[in-house]
Amino acid sequence: MEKLGGGQSAGSHPLLGLERIDGPVAECLARIGEVFRVFEKQDSGCVAYGVRLPDRDERWFVKTAVEGVGARSLERAWAFHRAVRHPVIVPQVHRIAVRDGRPAVVMPWRDGEVLYHPAERGSGDRTGPGSPMARFRALPLARVEAAFARVLDAHLAVEAAGHVAVDLYDGALLYDFAAHEMYLVDLDEYRPGPFVLDAERLPGSTRFMAPEEFERGSTIDLRTTVHVLGRTAPHGCCWTRGTRSVPGGVLRPNWPYWSGPRIPIPVNASRAYGSSRTRG
């Protein structure tokens with residue numbers, strides 16, 4: 001059993017000692033503690049809850065699958081978190097069986113705001129005044145650089161464990177504006193690599209994805225991770241408008257003053273960038 005503060009085992013913990021939920025997840029969590037936040041059904045096919053345990057002065061994040069795609073994602077994520085540990089990556093520390101056979105996972109709660117901010121309908125703007133990303137970009141450059149350095153350091157651990165980044169975008173960046181700490185969340189699609197893409201495309205935001213992520217039969221490897229990290233840096237750190245990758249090109253480079261034509265990028269052009277060193 002995982003050891004908690006004071007030498008207690010996880011088996012004596014009201015949440016980490018819970019092995020099965022036979023009824024509605026929300027009702028069970030409400031009996032254990034206070035459900036202070038609900039994250040409704042996401043594109044991932046999951047629902048999540050913030051749970052406070054007042055007697056222990058603890059807060060936890062519980063994520064459960066409500067669709068098959070969510071269950072597969074959580075299974076993949078469980079394997080990833082067993083292989084990769086880093087202070088920036090919020091871990092999955094416990095798994096609970098749910099009545100319908102889909103898992104629920106427990107993670108420590110981290111204060112902060114996800115830097116992804118959904119665009120208002122028709123505006124296409126995710127970085128408007130007051131959005132988390134706009135406030136992050138307004139920080140002193142040294143703080144922004146320090147935050148992104150933590151993201152890079154976490155991906156050294158990902159690389160060392162033989163995994164590659166999939167579906168990394170600003171929705172995975174959680175920033176604590178009070179403590180000035182960056183965390184990575186929802187890395188559910190990260191997987192061992194290299195691997196050959198056996199679908200038409202990988203999941204993810206086209207603003208961040210590498211060209212090979214759109215081509216069945218292409219190789220997804222460390223160079224793909226470096227490409228995505230390279231796209232994450234300007235989106236999060238420097239410019240007010242980003243790019244949108246599409247097979248065969250991007251709409252514009254990462255400069256807000258760019259108004260030129262589409263710049264063609266051949267499919268799998270990242271292969272021509274060479275090693276991760278030159279590509280970075």
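The values are calculated or read from the model by the stated rules, or taken from the named source; none is laboratory data. Remember, it's a predicted structure, so these values are computed and weren't measured experimentally. Here the Cβ positions follow ideal geometry from the backbone for every residue, glycine too, while neighbour counts run over all protein chains shown. Please note that ligands, DNA and RNA were not included when accessible areas were found on the heavy atoms of the full protein model with its side chains. Shrake-Rupley method; radii C 1.70, N 1.55, O 1.52, S 1.80 Å.
Here are some notes:
- Under 5 Å between amide hydrogens, built in the peptide plane, is the criterion, and for V164 it picks out R191, G193 among residues at least 5 positions away or on other chains.
- Coarse-grained scattering of segment 123-228 at q = 0.11, 0.17, 0.19, 0.20 Å⁻¹, given as base-10 log I(q)/I(0) from a Debye sum over alpha-carbon atoms: -0.39, -0.86, -1.01, -1.07
- Kirkwood analysis of segment 57-192, using all unique Cα-Cα pairs, places the hydrodynamic radius at 16.1 Å.
- Amide H partners (placed H, <5 Å) of E58, local residues excluded: L53
- Along segment 218-223 the Karplus relation, 6.51 cos²θ - 1.76 cosθ + 1.60 evaluated at θ = phi - 60°, assigns HN-Hα couplings of 7, 9, 9, 8, 4, 5 Hz to successive residues, with x for each Gly and Pro.
- Rounded to the nearest whole Hz, the Karplus-based 3J(HN,Hα) values (6.51 cos²θ - 1.76 cosθ + 1.60, θ = phi - 60°) of segment 145-155 follow the sequence 5, 5, 5, 6, 4, 5, 4, 5, 5, 4, 6, with x at glycine and proline.
- In order along segment 161-175, phi translates into HN-Hα couplings of 8, x, 10, 10, 7, 9, 6, 8, 7, 5, x, 8, 9, 10, 10 Hz, rounded to whole numbers, per the Karplus curve 6.51 cos²θ - 1.76 cosθ + 1.60 with θ = phi - 60° and x for Gly and Pro.
- Tensor-based shape of segment 44-107 (alpha-carbon gyration tensor, a/c under 1.5 rounded, otherwise prolate or oblate): oblate
- Taking the 1.4 Å solvent-accessible surface of segment 157-227 as the whole, the part contributed by carbon and sulfur is 51%.
- Burial order of peptide ranges 42-49, 164-171, 135-142 (average beta-carbon count within 10 Å, highest first): 164-171, 42-49, 135-142
- Amide H within-cut-off set for I21, under 5 Å, with H built and near neighbours excluded: A97, V98, R99
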